[in-house]
Structure formats: structure tokens, C-alpha cells
Amino acid sequence: MNALRCLSFACMFGLIGNAVLAQSPSKYDPGASDSEIKIGQTYPYSGPLSSVGELGLTEAAYMAMINERGGINGRKVTFISLDDNYSPAKAIEQTRKLVEQDEVLAIFNPFGTPTATATQKYLNAKKVPQLFAGTGSSRFNDPAFPWSSSVIPSNLAEGVALGKYVAEKFKTAKVAILFQNDDFGKDYAKGFKDAIASSPGIQIVKEAAYEVTEPTIDSQITQLAATEADVLLNVSAGRAAVQSIRTLSNLKWKPLHLLNGKWANIDVFEPVGMEKAVGIISYQYIQSAYDPTWETEPAALEYKEFMKKYRPGANLYSVINVQGYLYGRLLAHILREAGNNLTRENINSISMNLHNVDLGGLLLPGVKINTSPTQRHLISDQILTQFDGKRFVPIE
């Protein structure tokens, strides 16, 4: 998928049904009309994290399904997803196109900390909602950027939670840290280090950063392994996460392996062998389609039917596709709630005031979706788990 992707899904439908809230006057900003709602996003369909592009494709497919069923309150959704190559400069270029040429109502779930950060000031200055970016950066819960929000848990908070787990489990321990050299990696590592700061017996013996463009991180893992640390905090993404597990196994270094929840999934484990991921500890919030615990649940069956019809040939077990499906449901929910008041301010307000929203039953038990102007990470509840070679088992 090296070419720029512009996925515009729309269908024509007949008479507008009762779902249209005709009794209230319509209010529109650019990107909305009596018949259409335009939503934009950027995703890495090429570049070092191109595998994540599947998520954008699934979101677009969900909007295609919505249109086939009559749209949102009688309006078709034109969903435009452009390739940013996981490049901040490209993300700025494509986002400006979406706002200034395509005139979208909002930007929804643009992926990546560096790319979403690069466009944040521009979108806030334009007062265009940057809804639920694919990042856990603390910048997306900053009141200085009231038009921005995040779809995944706070990197800082997740780092803190894993640090507290280590502090409770060990009186003494040597810790090594691998992190991606950007806000994603730095926030996560900072949270962890803050949490263990009051435990003098837990010492960080080595930290190693890597750039997302590096073809391999073998040297960083080798340096960390040389410390013979008891604990590894692994804040890596994409191919670096895959490489880290493989290299750890090759070196026969067996620390307590804490892997950030964004990349602790079977999609990452399978390429290197599931047995090499046994024992990995992470936070989870989505039901795994691989887990037989959930496979006969109505929500799981509905998701799989959607994938077979609207994304034939795609891996319906992939957590990336489960996320895309859930985020598609989220966007549909927000647009339905907006009714005829399709202004950027109203869309942003609805997104910042979600209360116990049900995204179709695919979240783990105990995980709730609640947002507020002071809590703009969509997911704040998570479950601490350990991978047993087949599934993620909750840690009591």
C-alpha cells in the first residue's frame, strides 16, 4: 500500500426516513449538509508502521456499511482517509488538504503520536475537531488544545501503572528500559520512572532509545541484555516490537517483560512465535478475537459477519481490525448524537462528554468509555494481564 490512499465511501439512498430529526433547525459547518457529512483522517498506509493501515481500512469499511444502511440521520458519510507515511511533514500536508480543499467537518482518529502532534496546533487554531487521535500522549488531554482528544489510554498513566506493579512485586530489582525516541516512548518511560522513584531498591541500570526509522533495534536489545536486568520495560511499536521479542529470545535473556499495551497483541507475537511471548505482562482493554472465551458472544459474531462482508480477505482475528470496527462504531455514535446540529463545536462537545458508551460489547469486562473536558482519553480503564501462549490472562 505505497500509494496515497483516498478512501471515499458513499452510497445514494432514497427517501429520508424517520431518523432525520426534521423538527429541529439544521446547523451546519463546512463538511455538513442536508445530504452529507464529510470526515477526514490520515493514516500510515506506507512507511515503517504501514501494517496499522488495516485499522483505517476497517473504519472506512464500517462507514461504507453505515451508508448502505441509510447513513447517519439520513445523510451519507464521506470518509476520506489519506496516507501520511507516518511522517509529520506529510501529515501536515494531508491534513491541510482535508481541511482546506475537502472541507471536512472533523478529523477522526488520525494515527500516531508524532503525526497527530504535528497537526495539533493547526487544527486547534482552525477550531477543527481532532477527535480521538491514535495516541496516548498527554498533549491530547491538555486544556491548551481543547479541540483534541485521544482514543487510547494515556501513555503516562499506563507507565505509572506498570511502575506501581513492579514496586509492589519487588523489593529490589534491576530495570532496563527500551523506548521509542518520541513523545510516545518518553511519556511512557517517564510515568514508569515516576512510579518507582520512591522504591530505592528498584534501580534503572540502562536505558536505550531507538528511532522509528531504524531498520533494526538488535544493538539496543543487546546492550540492555548485557546488564542482566531483572525487569525490561519495553516501549516499542510496530516492527521494533516484533524484533524486540525475537532478539530477547535469541539472547536467552529472560527478564520480567513489560510490553506497552498498544503493541502487546497476537498480531505482534505470531511472526516471531507465540511461545517466545509467553510471560509478557501488559494492559489490555479489548477482547481478543483469538480468545475462545469470547468467540461465541453475540458481539464477536456480529463483528466477524461485518468483516466477512465488508473486508473479505482481511484478518478478522487481528486486534487492529477489532479496533477499527470499534472506532467506526464510535464515530457513528457521535454523528447520530449530533442530529441536525452538525457544527464543529457540537461534534467536539459530544465527544468530550461521553458517558458509559457501549461500543458493541467487545471491550473487556469492567472497561467503560467515559470522557469529559478534563479526561479526553477515550479509554482510561484497563486490565493487567499476562500472556500464557494463547491468550491474555488477568493478573489478580
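Looking at Thr95, Thr115, Thr119, Thr58 in this structure, which one is open to solvent by less than 10 Å² (accessible area, probe 1.4 Å), of a type in the set (Ser, Thr, Tyr) and in contact with a Pro (Cβ under 6 Å, 6 or more places away or on another chain)? Matching residue, one of Thr95, Thr115, Thr119, Thr58: Thr115. Listed residues Ala3, Ala22; which is open to solvent by 70 Å² or more (accessible area, probe 1.4 Å) and either at pLDDT below 95 or of a type in the set (Asp, Glu) (or both)? Every option except Ala22 fails the conditions.
So is Asn155 open to solvent by 10 Å² or more (accessible area, probe 1.4 Å) and under 23 Å from Asn260 (Cα atoms) or not? So Asn155 fails the test. Filtered by the rule that a residue be touching a residue at least 60 places away in the same chain (Cβ under 8 Å) and closer than 24 Å to Met352 by Cβ, segment 81-101 gives a lone residue, Ser81.
Taking segment 215-329 as the region of interest, the helices (runs of 4 or more DSSP H) fully inside it that hold 3 or more residues being among the basic types (Lys, Arg) and surrounded by fewer than 21 Cβ atoms within 10 Å (Cβ to Cβ) are 298-310. Summed over segment 125-152, the residues that are out of contact with any Lys or Arg (no Cβ under 8 Å at 6 or more places or on another chain), open to solvent by less than 30 Å² (accessible area, probe 1.4 Å) and of a type outside the set (S, T, N, Q) give a count of 5. Scan segment 158-174 for residues that are more than 16 Å from Ser282 (Cα to Cα) and either among the β-branched types (Val, Ile, Thr) or buried (at least 19 other Cβ atoms within 10 Å of the Cβ) (or both) and report the count. Matching residues across segment 158-174 total 2.
Taking each residue of segment 206-217 that is under 18 Å from Tyr86 (Cα atoms) and looking for partners that are surrounded by 16 or more Cβ atoms within 10 Å (Cβ to Cβ) and hydrophobic (A, V, I, L, M, F, W, C) with beta-carbon atoms closer than 8 Å, six or more apart or interchain, yields Tyr210/Leu178; Tyr210/Phe179; Tyr210/Ile217; Tyr210/Ala240; Val212/Leu49; Val212/Ala237; Val212/Ala240; Glu214/Ala240.
Please work out if Gly136 is more than 28 Å from Ala240 (Cβ to Cβ), touching a residue at least 40 places away in the same chain (Cβ under 8 Å) and in a loop (DSSP other than H, G, I, E, B). No. Anything in segment 382-396 that is open to solvent by 60 Å² or more (accessible area, probe 1.4 Å) and either within 19 Å of Ile266 (Cβ to Cβ) or at pLDDT 90 or above (or both)? List them, or say none. Selection gives Gln386, Asp388, Lys390, Arg391, Pro394. For segment 349-386, give me the residue count where each residue is part of a strand (DSSP E or B) and without any contact (Cβ under 8 Å) to a residue 60 or more places away in the chain. Within segment 349-386, residues that are part of a strand (DSSP E or B) and without any contact (Cβ under 8 Å) to a residue 60 or more places away in the chain number 4. In segment 367-381 there is at least one residue matching the filter, namely being farther than 14 Å from Tyr285 by Cα and open to solvent by less than 10 Å² (accessible area, probe 1.4 Å). The residues of segment 98-112 that are surrounded by 24 or more Cβ atoms within 10 Å (Cβ to Cβ) and either among the aliphatic types (A, V, I, L, M) or over 16 Å from the mean Cα position of the chain (by Cα) (or both), listed by number, are Leu98, Val104, Leu105, Ala106, Ile107. Within segment 166-204, the residues that satisfy the criterion of being more than 23 Å from the chain's Cα centre (by Cα), closer than 11 Å to Leu258 by Cβ and part of a helix (DSSP H, G or I) are Val166, Lys169. Taking the conditions (1) under 22 Å from Asn321 (Cα atoms); (2) touching a strand residue (DSSP E or B) at 6+ places or on another chain (Cβ under 9 Å) in turn, Ser35 satisfies each one other than (1). Taken together, the criteria place Asn346 among residues that are open to solvent by 30 Å² or more (accessible area, probe 1.4 Å), within 18 Å of Ile72 (Cα to Cα) and of a type in the set (S, T, N, Q). The set of residues from segment 139-165 being among the small types (Gly, Ala, Ser) and part of a helix (DSSP H, G or I) comprises Ala157, Gly159, Ala161, Gly163.
The values are calculated or read from the model by the stated rules, or taken from the named source; none is laboratory data. Please read these numbers as outputs of a predicted model, since none were measured by experiment. We place every Cβ from the backbone using ideal geometry, glycine too, and count neighbours over all the protein chains shown. Keep in mind that these areas ignore ligands, DNA and RNA; they rest on the heavy atoms of the full protein, side chains included. Shrake-Rupley method; radii C 1.70, N 1.55, O 1.52, S 1.80 Å.
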